[in-house]
Protein chains: 2
Amino acid sequence: MATAPRIPKGTRDFGPLQAARRTYIFDTIRSVFQQYGFLPIETPAMETLDTLLGKYGEEGDRLIFKVLNSGNYFDKIPEDQIRGDNFAGLAGKISDKALRYDLTVPFARFVVKHQGELAFPFKRYQIQPVWRADRPQKGRYREFYQCDVDMIGSNSLRNEIELVEIIDQVFSNLGLEGTRIQINNRKILAGLAEALDAKDQFSNLTVAIDKLDKVGPDGVLKELEARGLGQKVLHFFSERLNSEEGMSLDALETLFNTAETASEIGQKGVEELRFIFNRIAPEDLKTSRLDFNFTLARGLNYYTGAIFEVIHPDFKGSICGGGRYDDLTGIFGLPNTSGVGVSFGADRIYDLLGDKNLFPETIGSPTQLLFINFGEAEADYCSRELKKVRAAGIAAELFPDSGKMKKQMNYANNKNIAYVALVGSNEMESGKVSLKNMQTGEQQSLSTDEMINLLKNN
Amino acid sequence: MATAPRIPKGTRDFGPLQAARRTYIFDTIRSVFQQYGFLPIETPAMETLDTLLGKYGEEGDRLIFKVLNSGNYFDKIPEDQIRGDNFAGLAGKISDKALRYDLTVPFARFVVKHQGELAFPFKRYQIQPVWRADRPQKGRYREFYQCDVDMIGSNSLRNEIELVEIIDQVFSNLGLEGTRIQINNRKILAGLAEALDAKDQFSNLTVAIDKLDKVGPDGVLKELEARGLGQKVLHFFSERLNSEEGMSLDALETLFNTAETASEIGQKGVEELRFIFNRIAPEDLKTSRLDFNFTLARGLNYYTGAIFEVIHPDFKGSICGGGRYDDLTGIFGLPNTSGVGVSFGADRIYDLLGDKNLFPETIGSPTQLLFINFGEAEADYCSRELKKVRAAGIAAELFPDSGKMKKQMNYANNKNIAYVALVGSNEMESGKVSLKNMQTGEQQSLSTDEMINLLKNN
């Protein structure tokens with residue numbers, strides 16, 4: 001016997017119930033995107049290495065799944081270049097494409113490639129899997145779906161507001177209460193670096209404060225010191241990180257307007273966030289809360305304005321995130337085209353909804369009626385009645401093999417089928433079926449039309 | 001400026017209209033699958049090489065896209081084994097997984113892996129992309145979607161009948177008339193090989209007669225001769241290939257019952273097809289025709305019974321195909337589990353529906369209403385009305401930037417938006433909107449509630 005088949009590390013199979021629940025998540029998200037006027041696009045699973053490399057930082061590059069060229073890919077490489085220590089050189093020659101790492105870079109590439117065919121501002125959504133060679137752990141997979149919604153070709157902060165509404169609507173439609181939409185602005189972070197004489201240490205500064213959730217205020221201070229940030233930074237953060245006050249928009253506004261810590265870009269960041277907060281009152285959101293969090297940084301370097309991260313108190317890690325990028329398409333040859341968007345992590349949302357028992361009970365039992373198979377003559381008869389039932393829009397089946405009643409009833413139970421129809425010689429003669437309600441055990445004799453009516457009103 | 005971005009050969013982007021049309025195809029197919037009681041599953045894009053290799057023939061193995069191991073994959077390979085002429089050896093060491101080539105083998109692997117959790121017979125559908133490193137040409141892509149429907153764990157020929165009904169229902173729901181469902185049975189081909197003393201040349205025989213469509217009767221005869229098939233075969237086919245009569249089930253039945261050409265397996269094949277044809281009258285099918293075609297062979301070796309191929313007179317190549325496999329799961333350790341299924345080629349169906357103008361006109365213009373943006377105050381006002389419109393289930397937008405009216409009207413036209421709402425200071429005062437019908441140019445003054453009613457009944 002062959003050994004039990006395995007699947008690649010970090011990937012998953014989805015059985016019927018799981019797949020139906022995933023479809024429910026995708027459909028819910030898609031219908032909100034559509035209600036807000038976003039249009040679908042799809043891009044290939046593979047992109048050229050040129051498109052992907054250098055967009056996600058050094059770490060990201062390492063995590064990209066590269067696809068081998070077809071044919072004998074060593075053919076055209078001179079023998080003396082095929083050596084184990086020539087890893088990087090060889091890798092570049094035997095592979096010229098890879099699996100996409102996210103949907104944002106392929107989207108930017110798409111926009112540049114198809115700019116002539118698109119109406120700007122272009123509002124698109126995209127629901128497709130991405131792949132990352134990350135170390136698998138709970139909530140982190142090597143293949144997972146992203147549900148992205150982006151608006152490109154408009155600088156208006158109304159787009160940011162719309163994204164907040166979309167996030168609130170999606171989670172409220174999914175029945176998930178208490179999500180926290182955290183917002184910050186990269187300009188505020190840039191302003192802080194400027195105000196605190198750490199302009200050339202912007203990256204070190206953001207990496208350190210981004211860890212507040214994990215390591216606490218003291219941890220951040222240690223990290224800042226270790227990364228060589230100056231006294232001005234340390235002094236500022238030792239004062240602010242422990243007080244709610246110190247982290248407010250008001251406090252930052254004062255900071256950026258004070259002579260010795262003045263920052264124009266910081267002021268701009270505060271102003272942008274004010275525009276948003278002035279237009280979203282807490283009561284405007286159905287089930288979410290919008291929080292300013294100036295320690296939110298997000299790793300990707302292409303963000304230039306607002307950044308978002310959505311968390312839920314019952315879940316570790318973010319379930320949605322994104323931000324504004326002023327020049328992502330510039331890399332591909334289309335400069336000055338600002339965009340903003342967020343990505344819903346469908347797999348984490350799936351885990352969270354499962355943990356909290358939030359999937360509707362009806363998901364996963366589409367078949368309403370099973371005809372029991374008592375033999376060829378009965379099955380032929382049932383086939384004809386089955387056609388009428390299906391034509392009425394009711395999902396129904398005939399058990400394909402005649403055989404043990406118990407096996408057939410078990411099949412109905414396992415599939416959560418609500419009714420079974422029993423048709424033997426008596427029923428064939430009378431033109432009626434015996435319809436059994438699998439929940440109550442109740443059985444009644446009905447014509448096919450009567451049965452269809454009953455099932456339709458069920 | 002960067003060069004225009006490319007995508008890998010044989011792959012495609014899908015813009016909004018294309019993506020919406022593809023979703024329409026998937027949804028139509030899915031709803032038929034569900035009506036027949038099939039349940040969804042999903043498997044990973046990548047499978048281990050062990051799972052895939054050796055299942056699709058030598059040609060298939062070559063066309064599988066292999067994925068490079070992550071990290072420095074040359075690390076553990078001794079230096080003397082890294083040589084250009086050691087292609088096969090090296091390839092096996094730097095890659096242990098690959099993109100799936102079809103959905104049938106992953107399905108068999110899935111069934112074996114999850115046999116304990118499944119209710120048999122297991123009826124599953126699966127709609128996912130597959131990848132093949134084929135030479136791209138019209139209608140042949142390197143990434144394309146398959147929509148598979150299979151029933152495993154039942155020998156009943158009623159499953160074959162159900163598949164014919166599903167095929168007919170899918171194409172009729174898509175508005176495509178005139179599809180021809182061709183059916184044959186591998187047992188008939190095996191019977192022919194036996195009857196004509198060519199039992200050990202089964203593969204050569206099937207490859208040759210499978211070409212009838214392409215090369216005609218004389219071509220097949222030449223091919224048979226070239227492949228070394230004997231006089232008995234040549235005599236038989238020179239008589240039969242030119243006459244409709246000679247290719248009927250009746251003629252084959254006679255052949256397999258005649259002493260010098262007797263074949264038990266051939267008889268079984270005829271009997272199986274008779275069971276199916278006796279239960280599907282031409283008038284039972286909505287828009288398709290079911291044809292017996294004894295030259296249909298299908299390349300994949302795992303088929304053991306009925307085989308299907310669906311063609312349309314206006315399209316080159318098959319748009320759906322499949323068959324029965326008695327022991328596909330055996331390779332993975334679960335013997336004696338017969339299954340049967342077909343796969344719809346969504347990308348070819350897309351091309352065909354496009355050629356014939358069969359997509360519904362409403363696809364691809366989901367937004368019903370656009371609020372024109374006359375400035376911040378007006379936009380703030382419109383945002384509040386927009387919320388009411390969306391809450392009523394109507395897809396609507398506010399143009400994010402105030403600016404040239406012409407640009408905003410163009411946007412509405414490009415997106416096929418049916419109505420635009422114009423709200424200036426007069427409208428804000430009166431609490432009404434000026435609603436313009438983009439088709440007729442007609443404009444009327446309405447309250448938001450009146451507008452919602454009009455849009456809902458539109």
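Can you give the average number of partner chain beta-carbon atoms within 10 Å of each beta-carbon in peptide B:118-124, as a whole number? List each step's numbers first, then the result.
Numbers: counts 3, 8, 4, 6, 5, 5, 3.
If you average over the peptide's residues, the count of other-chain Cβ atoms is 5.
Give me the one-decimal nm value for the distance between modelled label points at B:Asp250 and A:Asn437, 7 Å along each residue's Cα-to-Cβ direction.
Taking the two extended label points, one gets 5.4 nm.
Over the whole of A:43-52, what's the average partner chain Cβ count within 10 Å per residue? Rounded to a whole number, please.
6
Say R0 is 56 Å: what FRET efficiency, to the nearest 0.05, do A:Glu79 and A:Ala4 get from their beta-carbon distance? Don't skip to the answer; put the middle values down first.
On the way: r = 41 Å, r/R0 = 0.73.
For R0 = 56 Å, the calculated efficiency reads 0.85.
To check you understand DSSP bridge types, tell me what percent of the beta bridges within the stretch A:317-458 (both residues inside) are antiparallel, rounded to 5.
The answer is about 70 percent antiparallel.
Taking R0 as 22 Å, what's the FRET efficiency between A:Thr23 and A:Asn416 from their Cβ-Cβ distance, rounded to 0.05? Can you show the working numbers first?
Details: r = 17 Å, r/R0 = 0.75.
E between A:Thr23 and A:Asn416, to the nearest 0.05, is 0.85.
Tell me, what ³J(HN,Hα) does each residue in the stretch B:51-61 have, in order and in whole Hz, if you take phi through Karplus 6.51 cos²θ - 1.76 cosθ + 1.60 with θ = phi - 60° and put x for Gly and Pro?
So the J values, rounded to whole Hz, are 5, 8, 5, x, 9, 10, x, 4, 4, x, 3.
Post the alpha-carbon centroid distance, the stretch B:301-329 to the stretch B:357-401, in whole angstrom.
46 Å
Indicate the gyration tensor shape class of the stretch A:176-299 (rounded, prolate or oblate), computed on the Cα atoms with a ≥ b ≥ c the square roots of the eigenvalues: a/c under 1.5 is rounded; otherwise a/b larger than b/c is prolate and the rest oblate.
Oblate, because a/c is 1.5 or more while a/b does not exceed b/c.
Across peptide B:272-284, what mean number of C-beta atoms from other chains lies inside 10 Å of a residue's C-beta?
Neighbouring Cβ atoms belonging to other protein chains average 1 per residue here.
Roughly how many nanometres apart are two label points built 7 Å out from the Cα toward the Cβ at B:Ser365 and A:Lys356?
3.9 nm
Once you have the Cα-Cα distance between A:Lys407 and A:Leu446, take 0.36 nm times their residue separation minus that, and quote the gain in nm to one decimal.
Stretched out fully, the A:Lys407 to A:Leu446 stretch lengthens by 11.6 nm.
May I ask you to list the trypsin sites (Lys or Arg not before Pro) in the stretch B:349-458 that are in a DSSP loop and have at most 12 other Cβ atoms within 10 Å of their Cβ?
B:Lys404
Provide the gained length on full extension for the span A:Ala262 to A:Ser430, in nm with one decimal, where the gain is 0.36 nm per separating residue minus the Cα-Cα distance.
51.4 nm
Of the GluC sites (Glu not before Pro) in the stretch A:176-257, which ones lie in a loop per DSSP and count no more than 15 other C-beta atoms within 10 Å?
Of the GluC sites (Glu not before Pro), the ones in loops of the stretch A:176-257 whose Cβ has at most 15 other Cβ atoms within 10 Å are A:Glu177, A:Glu244.
For the stretch B:397-443, which GluC sites (Glu not before Pro) are both in a DSSP coil and crowded by at most 14 other Cβ atoms within 10 Å?
Here the sparse-neighbourhood loop sites are B:Glu442.
Of the listed peptides B:89-96, B:32-39, what is their order by residue-averaged count of other C-beta atoms within 10 Å, with the highest listed first?
Listed from highest to lowest mean packing, they are B:32-39, B:89-96.
With labels modelled as points extended 7 Å from the Cα through the Cβ direction, what inter-label distance (nm, one decimal) is found for B:Thr287 paired with B:Phe120?
3.8 nm
Return the subset of A:Lys93/B:Lys66; A:Lys187/A:Lys211; A:Lys9/A:Lys211; B:Lys66/B:Lys93 for which the Cα-Cα distance in this structure is over 21 Å, preserving the input order.
Correct reply: A:Lys9/A:Lys211.
Please order A:Val67, B:Val423 by the number of other Cβ within 10 Å, starting at the fewest.
Arranged by neighbour count, lowest to highest, A:Val67, B:Val423 become B:Val423, A:Val67.
What list do you get for A:Met405, B:Met409 if you sort them by fewest beta carbons within 10 Å? Write down the numbers at each step before the final one.
Values: A:Met405 14, B:Met409 17.
Starting with the residue having the fewest Cβ neighbours, the order is A:Met405, B:Met409.
Listed here are the pairs B:Lys387/B:Lys456; B:Lys199/B:Lys222; A:Lys55/B:Lys407; which of them are more than 21 Å apart at the Cα? Walk me through the intermediate numbers first.
Details: B:Lys387/B:Lys456 15 Å; B:Lys199/B:Lys222 19 Å; A:Lys55/B:Lys407 33 Å.
Listed pairs above 21 Å: A:Lys55/B:Lys407.
With a ≥ b ≥ c the root eigenvalues of the C-alpha gyration tensor of chain B, is it rounded (a/c under 1.5), prolate (a/b larger than b/c) or oblate?
Prolate shape, in that a/c is at least 1.5 and a/b is the bigger ratio.
None of the figures in this text is laboratory data; all of them are computed from the coordinates on show. Predicted model, so just to flag it, every value in this text is computed and none were measured. Reconstructed Cβ throughout: ideal geometry from the backbone, glycine too, with neighbour counts over all protein chains shown.
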